[in-house]
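Single-structure report; data block below.
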Amino acid sequence: MQNSHSAPTGAYSQTTKQITVSVEPIFLDEESNPAANQYFWAYHVVIQNNGNDTVQLLSRYWRITNAQGMLHEVRGDGVVGEQPRLGPGEAFEYTSGTPLSTSSGIMGGTYQMISGNGDSFDIDIPTFSLDSPYEGHAVH
């Protein structure tokens, strides 16, 4: 979906090179099984191009760390099977998810972008908390 959107309520936001990435994590209690150490979150992302140039998201890099400090890295082309192109003022939003073996953790990373004139650059995905009702305190 490409059009102008504001950040989701309660979102973590960060702007790099006039592109704002906002992320709102949502704990999925119905898909989690604490007795089996399985916890699931969805996260809703809005990528807003506030600049004057068209840009395209080429790939993603995520760092996912559970409450025990175990790091899982994810790299891949695009997001949700797409490599969205964003003109000035346009936004792209999607929802994805991640599992953890602990009741909390943190997540963050970068998107690799390319401008209309062929310049490649990274934009930051803000680091955000993955907190569940099964955790007694927030990690981040």
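Observations on the structure shown:
- Test: residue in the stretch 59-81 that is part of a helix (DSSP H, G or I) and either of a type outside the set (Phe, Trp, Tyr) or touching a helix residue (DSSP H, G or I) at 6+ places or on another chain (Cβ under 7 Å) (or both): no
- Pairs, first closer than 22 Å to Leu130 by Cα in the stretch 86-101, second part of a loop (DSSP other than H, G, I, E, B) and of a type in the set (S, T, N, Q), C-beta under 7 Å, six or more apart: Ser101/Asn37
- Residue ID - surrounded by the most Cβ atoms within 10 Å (Cβ to Cβ), chosen from residues in the stretch 105-136 that are more than 17 Å from Thr16 (Cβ to Cβ) and free of Cβ contacts under 8 Å to residues at least 60 places away in the same chain: Gly105
Every read-out reported here was derived from the displayed coordinates using simple, explicitly stated rules and does not represent laboratory data. Remember, it's a predicted structure, so these values are computed and weren't measured experimentally. Glycine also receives a Cβ, built like all others from the backbone with ideal geometry; neighbour counts cover every protein chain displayed.
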